[in-house]
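Structure record follows, encoded as structure tokens.
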Amino acid sequence: MPKSVSETSAGPSGPALSDILLAAAHNVRAVLSGRSLSDSLAQTPAGLRAGAQAISFHAMRRLGLAGELRSALVRRVPPNPLFDALLLVSLVVLDAACAAAAASPAATATAPTTAPATTAAAALAAGDEQKGRQADAAGRVALRRDVPVYAVHTVVDQAVCAAASQSRLASYKGLLNGVLRNFLRGRDELLERALHTTRGRWNHPEWWVRLLERAYPDDWQALLLAADEPGPMTLRVNVRRNTPAELLARLRQAGIEAQPLGAAGIVLARPCPVQQIPGFEQGLWSVQDAAAQQAASLLAPADGMRVLDACAAPGGKTAHLLESADIELQALDADAGRLERVAQNLRRLGLDGPQVSLRCADAADVEQWWDGRPYDAVLADVPCTASGIVRRHPDIRWLRREADVARTAALQRRIADALWRTVKPGGRLLYATCSIFPQEGRVQAEQFAGRHPDALRLPAPGQLLPLPGQGAASLYDGFYYALFAKKP
Ligand SMILES: C[S@@+](CC[C@H](N)C(=O)[O-])C[C@H]1O[C@@H](n2cnc3c(N)ncnc32)[C@H](O)[C@@H]1O
């Protein structure tokens, strides 16, 4: 992030939109060059982060559409990657502004020029809800509740200011102004054409769309749309330190609306910064998706068991296993930096101690780390494409390549086969991934069972899909679980 993107232009009501657009453009550029959005956001100046995050998340969820619009509006992709990213960001923000203005002209005409802007929710609430829904139904733009909305003229003006503020972008300000105004003039037709393309319509890479279409002929469209909804925020209560009822009472006192979910889960009515929720430092809870919370109960550790958590970092399931029973636990991870986060989490939750050992190792290289004493229970929460958690990490779809699916599946197979050697006869192995691609889930589990005649399949949820309208299951991230017992 260059020094010139700073908080110096912050007005009384927050930083200027031009600075936020520029910060979001840096994030989009980072993702397009292969870096994760969270890494890039961590470099965004603190005063710009909230605004830049909202716009960057929205841009990730509309990047296919933005790319199609850009192709229609400029003859070739601009050679300056930061300018290209600024153009893409400006187009998605401008499109949201137009959609909100169509739904509620009065609310958006007065939208401020600095953050915080109004949101699509406010624009719709102040205006004609019905019209807003029609805009959605026409597929013109998803006017979701978290989408930041500014006045149309403000977006054009501030985007041009953003370009003008950077010496290496200043020469593009005329082009940017012209492209954005051409978009406003031809929006209906441009959207019509862009929405006829796979990337423009679904905002995922084409290979990803094809893969889901083949895997889920009835649900692929709903899955792609659900991927653009922000996921719910779910907590897991540290039952060693408090009960779900006690934590719910604390949340209520703090004015945080929440509901119990499953054995130790609590889902918040609205996502909330961790620091605003009471009890984090005291280790009363962790943030953990509801699907991920099923791992501990499926593996069902009992007091005295020897348990292996083979791909443990950052330690969400490690902690849950330790909260569930008095076990001896070995946690492995191949990434030393991430393993440190396991240690931090266990310390915060009061779960560290002589019963836990952490080791940086390749789970597939059993000779390197195993002392030969078999485990009663093994958790193989293997590395995966993370295609099941795109709601929370909307950049993942643009970071993955089609070849990653087969490469990751091969690594998963190597790890699962190696770990099977360490399971005691009569013991269990839980295979888990946060993926919705069958190659990493159903197919992997079937092939594993085929290679290991001593593996007995036990009941497990199989593929969990983040689909709307399915009660509590709608709250889950995309996850896959298969449970095997070793025949004695
Ligand atoms: C899906 S994440 C695990 C999430 C974790 N179980 C939790 O609940 O917080 C997969 C982990 O596997 C680790 N990993 C990747 N390759 C590995 C290998 N060969 N051996 C051990 N760990 C590996 C990654 O560093 C990553 O932390």
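Listed by first and then second residue, the pairs linking a residue in the stretch 247-258 that is farther than 15 Å from GLN275 by Cα to a residue that is assigned to a helix (DSSP H, G or I) and of a type outside the set (Phe, Trp, Tyr), with Cβ atoms under 9 Å apart and 6 or more places separating them unless they lie on different chains, are GLU257/LEU251; ALA258/LEU247; ALA258/LEU248; ALA258/LEU251; ALA258/ARG252. For the stretch 373-411, a tally of residues being surrounded by fewer than 23 Cβ atoms within 10 Å (Cβ to Cβ), assigned to a loop (DSSP other than H, G, I, E, B) and more than 15 Å from the ligand (Cβ to nearest atom) returns 4. Against the conditions (1) within 16 Å of the ligand (Cβ to nearest atom); (2) of a type outside the set (A, V, I, L, M, F, W, C); (3) modelled with pLDDT of 95 or more; (4) closer than 30 Å to VAL147 by Cβ, PRO278 satisfies every one except (1). When ASP19 is tested against (1) at pLDDT 95 or above; (2) over 18 Å from the mean Cα position of the chain (by Cα); (3) within 26 Å of LEU191 (Cα to Cα); (4) charged (D, E, K, R), only condition (3) is not met.
Counting only residues that are within 12 Å of ALA432 (Cβ to Cβ) and more than 8 Å from the ligand (Cβ to nearest atom), the stretch 290-319 holds 6 of them. The set of residues in the stretch 323-352 being among the aliphatic types (A, V, I, L, M) and either on the phi > 0 side of the Ramachandran plot or within 12 Å of the ligand (Cβ to nearest atom) (or both) consists of ALA331, LEU332, ALA334, ALA336, LEU339, VAL342, LEU346.
VAL209 falls short on exactly one of the conditions (1) crowded, with 18+ Cβ neighbours inside 10 Å; (2) in the same structural domain as ALA96 (by TED's automatic domain parsing), and that condition is (2). The selection criterion, being within 24 Å of LEU180 (Cβ to Cβ) and modelled with pLDDT of 95 or more, does not hold for VAL5. State yes or no: is ILE415 under 30 Å from GLN53 (Cα atoms), surrounded by 13 or more Cβ atoms within 10 Å (Cβ to Cβ) and either modelled with pLDDT under 95 or assigned by TED's automatic domain parsing to the domain that holds CYS311 (or both)? When the stated conditions are applied, ILE415 does not pass them.
With the requirement that a residue be surrounded by fewer than 19 Cβ atoms within 10 Å (Cβ to Cβ) and in contact (Cβ under 8 Å) with a residue 40 or more places away in the chain, what does the stretch 79-98 give you? ASN80, PRO81, listed by residue number. State yes or no: is TRP370 surrounded by fewer than 23 Cβ atoms within 10 Å (Cβ to Cβ), under 21 Å from the mean Cα position of the chain (by Cα) and more than 10 Å from the ligand (Cβ to nearest atom)? No: the conditions fail for TRP370. Only a single criterion out of (1) in contact with a Lys or Arg (Cβ under 8 Å, 6 or more places away or on another chain); (2) within 28 Å of TRP207 (Cβ to Cβ) is not satisfied by PRO383, namely (1).
If only one of LEU308, LEU268 is closer than 23 Å to GLY462 by Cα and out of contact with any Lys or Arg (no Cβ under 8 Å at 6 or more places or on another chain), which one is it? Of the residues listed, the single one that is closer than 23 Å to GLY462 by Cα and out of contact with any Lys or Arg (no Cβ under 8 Å at 6 or more places or on another chain) is LEU308.
Given the structure, is GLY469 modelled with pLDDT of 95 or more and either buried (at least 23 other Cβ atoms within 10 Å of the Cβ) or not in a strand (DSSP E or B) (or both)? No, not satisfied.
Quick check: is even one residue across the stretch 229-244 without any contact (Cβ under 8 Å) to a residue 60 or more places away in the chain and in a helix (DSSP H, G or I)? Yes, some residue in the stretch 229-244 is without any contact (Cβ under 8 Å) to a residue 60 or more places away in the chain and in a helix (DSSP H, G or I).
In the stretch 300-315, of all residues being free of Cβ contacts under 8 Å to residues at least 40 places away in the same chain and surrounded by 17 or more Cβ atoms within 10 Å (Cβ to Cβ), the one that is farthest from ASN242 (Cα to Cα) corresponds to ALA313. Is it fair to say ALA364 is on the phi > 0 side of the Ramachandran plot, in the same structural domain as GLU328 (by TED's automatic domain parsing) and within 14 Å of the ligand (Cβ to nearest atom)? It is false that ALA364 is on the phi > 0 side of the Ramachandran plot, in the same structural domain as GLU328 (by TED's automatic domain parsing) and within 14 Å of the ligand (Cβ to nearest atom).
The values are calculated or read from the model by the stated rules, or taken from the named source; none is laboratory data. Source: prediction; values computed, not measured. All Cβ positions, even for glycine, are placed from backbone atoms using ideal geometry, and neighbour counts span all protein chains on display.
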